[in-house]
Amino acid sequence: MTQTLTEDDLYRTSTQYRLWSFSPESLAAQRRKTHDLAIERARRYGGSLSSGGSEDGAAHEEAYVRADEELRLVQRYCEQIRTTSDHFKWPINVKATAVQYLRRFYLSNSCLTYPPKEIYKTVLFLACKTEATHMTLSEYARRISTDPDAILAPEYKVMQALRFTLDVRQPYKGLKGVLMELLNMASGMVGEVEGVDTKGAKALQQDMLGLEKPPKDAQTIWTAPAGNTEVKHLTDRINAAYSAARQLLDKPALLTDVYFLYTPSQLLLAALRLADSPLLSFYLTTKLPLSSPVRPKILATVHSCADFLAAFSERQIMTKDERAALEAKLESCLDPSTKDLVKAHAAAKLGSESDEEEKVKKRKLAREKSFKEGEELFGPSLGAAGAANGGKG
Amino acid sequence: MSPVSKRDPRLGGGGGGGPDGELHTVMRGLSLQAPMPTDTGPAEVCPVCKSSRYLNSSLRFLVNPECYHKMCESCVDRIFSHGPAQCPIPGCRRTLRKHRFREQTFEDIQVEREVDIRKKVQAVFNKREEEFEGLREYNDYLNDVEDITFNLVNNIDVEETGRRFEAYQKANEKEIEENAQLAQQEKVSFSAMQKAERQQARERRDAARREENDERREVEENKRDVLNRLASGADAETVAKEGQQVQLKKRMDRQAATERQRQLQAASDSRNGSSNFVVKGLKAKQKAEPEAPIDPFGGIRIASKYFTLQDHYVWEGIQDTQKDVKHIAGGYDVRDYTHRSLCAAFSGLGVFIADEMTERDRATQDSEAIGTVRADIGLKDSLMADPL
């Protein structure tokens, strides 16, 4: 029973596909549902919170954080994760994983329940563990000047919200693969794909040299040389496109919902398209047979993904003041049951800890007793022994 | 050579007589009918160089199984030292090689030849009785083999028979090899068994001797004891009676001990199973199927639809690793990296999340926003219902 799996089938086996991929509508619906539930809960305990003997419902509504504000706050903390990770000089995959953890966490939890100010530290620490970039907890806590317990307290909750799936498929490795293939094509080597007629490596190289210039709005810093394009220039062009695409995958990709909506492969091709569209369309002609029925669909998906990335702008990111205002507002309507996560965490662990203490105490007592008996060379003192005997008799 | 025997082909071997029967007949005839040729006969003169044993007492005659013409050792050295040459006997055109020359074993050159042929045939037709359904089939087979042997020995239809012989050899190469190995193993284990038996016999002899010595010594001790007691002035009759009783008791003890020993031995023998007992008439064992190559993915093949891996990539990021001993020594192949990268580059290119997820959502309209609802449920709670 030989079964053949293509790259697409491999992706369909991943948890990212099975649990963490959404259509735009379902993503919005999911967020709305989470937010509505959070607001409902907030209303339930809201009465006790509002001290000034409350007025009408409208004022209350004003007090709660809106769904779009919540989303922007999460985005703000994604940016925070990026800067913190860069500060630690961690590799890019830690950053991407941590950002995705944060986004996934806030799909089923609201900022009203768990403030992102605390959670982002936890997910970053979790990501550095899952991506095998190790740092001790004490070192990490020291460098972000936080209490270690505050980092660990929400960890289990985060794991639960992530449904214990820690794999985040990222586009960076794939982007390197594309870079390798493009460079090989530029130097006249090609691995033919079944069903695609490429007329040989030399012809491809010539085609590649004759590619049109990148358009004005392209992200690449490469500019066409004055004279004839040579292989050297071509290599530069590819490398420039690569680094531009990487930039795009670093910032806009991490600060938008693109991981939920597209696959890493589509994402990296979209980034390349923004960087150098003639190069990318040339590359895709060597990959997708013209007769293939999915070809137009793949191209359309890559285009829409590229548009999604291009729509991102720096201005969307919340400023510091805005954040401070929002968090002050959040503070007033925070869920009291999850306010002190450290305490809750300690309480959850308490039962097992007290047992442990008892055991330690018992062991200590036994040790002292045996030590005392060893000290008295000729056994316990006569009086004590006699008393014991008398008791028995 | 025209050595046509007048015997009927069926006469010698018979049905199940085995291939050796005929040989024995021939050999018996040889010793009875052909007395040693006298040293004056032509056998003592080399037919090539005409030197005779009379002049050279160390003369050795050699034959080549190709044509069985006899010649002296010095002629062999002289003619065949420089490689294969024609037989120097007039009328014989066969090409001979030096390394095939050997000393004659049997006086009669015909017997020598027959033994050779039989050896050759036996080496190929080495089927064993266990491989046959019954004795009848085995005997039929032996009969066929004997026919072939007889034809070869007596030069009847040599061409045809030779062809059949070779065809069989070619067709059954593997089985022949296996049977030969089996025979070899049997030979080895048989000699090992014989050795073990000899060892046991020696041990038995030693034990018997020791026992005898012990007995003799005890008798002497007893005698001395009786004498001592007599010397110390005890009643002669009682002492003698007591001495006899002690001796008798000791002997009885010893006998009982050996008997016990023997019983123990017998018990252990029956437990181990006697090696002499051979089960006959077994069918050939079903050979185990050769092991299939390991399939780590359990029948799933991973095919790449969007790329073909190349052996070499010019990207400088992997050039150092490719040559670095630290990486190569551990068995790391940079192709693993390139393959993984390319696989990651296209994994999911043809997956359209928006479409597929809409379809899936239609199938399962289930709530997922349970996290917030259950925020107050303790941290220990790990009930995570998978909606899929």
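The values are calculated or read from the model by the stated rules, or taken from the named source; none is laboratory data. Remember, predicted model here, so these are calculated numbers, not experimental data. Backbone-built Cβ (ideal geometry, glycine too); neighbour counts: all protein chains shown. Ligands, DNA and RNA are excluded from the accessible area calculation, which covers all protein heavy atoms including side chains. Shrake-Rupley method; radii C 1.70, N 1.55, O 1.52, S 1.80 Å.
B:VAL111 meets each of the listed conditions (1) at pLDDT 90 or above; (2) more than 30 Å from B:GLU146 (Cβ to Cβ); (3) of a type outside the set (Lys, Arg) apart from (2). Taken over region B:78-101, residues that are open to solvent by less than 70 Å² (accessible area, probe 1.4 Å), of a type outside the set (Gly, Ala, Ser) and not in a loop (DSSP other than H, G, I, E, B) amount to 3.
Count of region A:180-211 residues, restricted to those that are facing chain B (nearest Cβ under 7 Å) and among the hydroxyl-bearing types (Ser, Thr, Tyr), is 1.
Does A:THR301 satisfy the criteria of being surrounded by 11 or more Cβ atoms within 10 Å (Cβ to Cβ), at pLDDT 90 or above and assigned by TED's automatic domain parsing to the domain that holds A:GLY200? For A:THR301, the condition - surrounded by 11 or more Cβ atoms within 10 Å (Cβ to Cβ), at pLDDT 90 or above and assigned by TED's automatic domain parsing to the domain that holds A:GLY200 - is met.
Okay, residues lined up against (1) open to solvent by 40 Å² or more (accessible area, probe 1.4 Å); (2) more than 14 Å from chain B (Cβ to nearest Cβ); (3) part of a helix (DSSP H, G or I):
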position: A:ARG315; (1), (2), (3): yes, yes, yes
position: A:ASP321; (1), (2), (3): yes, yes, yes
position: A:GLU327; (1), (2), (3): no, yes, yes
position: A:LEU330; (1), (2), (3): no, yes, yes
position: A:LEU334; (1), (2), (3): no, no, no
position: A:VAL342; (1), (2), (3): yes, no, yes
position: A:HIS345; (1), (2), (3): yes, no, yes
position: A:ALA348; (1), (2), (3): no, no, yes
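Within region A:281-308, the residues that satisfy the criterion of being farther than 11 Å from A:LEU269 by Cβ and in a helix (DSSP H, G or I) are A:PHE282, A:THR285, A:ARG295, A:PRO296, A:LYS297, A:ALA300, A:SER304, A:ASP307, A:PHE308. Candidates are the residues of region B:159-175 that are acidic (Asp, Glu) and open to solvent by 100 Å² or more (accessible area, probe 1.4 Å); the one that is farthest from B:THR149 (Cα to Cα) is B:GLU173. Among all positions in region A:199-206, there is at least one residue which is open to solvent by less than 50 Å² (accessible area, probe 1.4 Å) and of a type in the set (S, T, N, Q).
Being open to solvent by 50 Å² or more (accessible area, probe 1.4 Å), more than 30 Å from B:LYS174 (Cβ to Cβ) and within 9 Å of another protein chain (Cβ to nearest Cβ): is that true of B:SER347 here?
No.
The condition (being surrounded by fewer than 20 Cβ atoms within 10 Å (Cβ to Cβ), at pLDDT below 90, more than 7 Å from every other protein chain (Cβ to nearest Cβ) and over 24 Å from A:ARG169 (Cα atoms)) is satisfied by just one residue among B:ASP355, B:ASP333, B:ASP324: B:ASP324. Does A:THR122 satisfy the criteria of being more than 30 Å from A:CYS333 (Cα to Cα), among the polar types (S, T, N, Q) and open to solvent by less than 30 Å² (accessible area, probe 1.4 Å)? Spelling it out, it is not the case that A:THR122 is more than 30 Å from A:CYS333 (Cα to Cα), among the polar types (S, T, N, Q) and open to solvent by less than 30 Å² (accessible area, probe 1.4 Å). Consider region A:144-179 and keep the residues that are more than 30 Å from A:SER265 (Cβ to Cβ), more than 10 Å from chain B (Cβ to nearest Cβ) and not hydrophobic (A, V, I, L, M, F, W, C). The one that is least open to solvent (accessible area, probe 1.4 Å) is A:THR146. Scanning region A:257-280 for residues that are over 18 Å from the mean Cα position of the chain (by Cα), surrounded by fewer than 24 Cβ atoms within 10 Å (Cβ to Cβ) and not in a helix (DSSP H, G or I) gives no hits.
Looking only at region A:1-44, filter to residues that are assigned to a loop (DSSP other than H, G, I, E, B) and open to solvent by 50 Å² or more (accessible area, probe 1.4 Å); which one of those is farthest from the other protein chains (Cβ to nearest Cβ)? Steps first, answer last, please.
Going through region A:1-44, the residues assigned to a loop (DSSP other than H, G, I, E, B) turn out to be A:1-2, A:6, A:13-14, A:21-23.
Filter once more, keeping what is open to solvent by 50 Å² or more (accessible area, probe 1.4 Å): A:1-2, A:13.
Details: A:MET1: 5, A:THR2: 5, A:THR13: 10 Å.
My answer is A:THR13.
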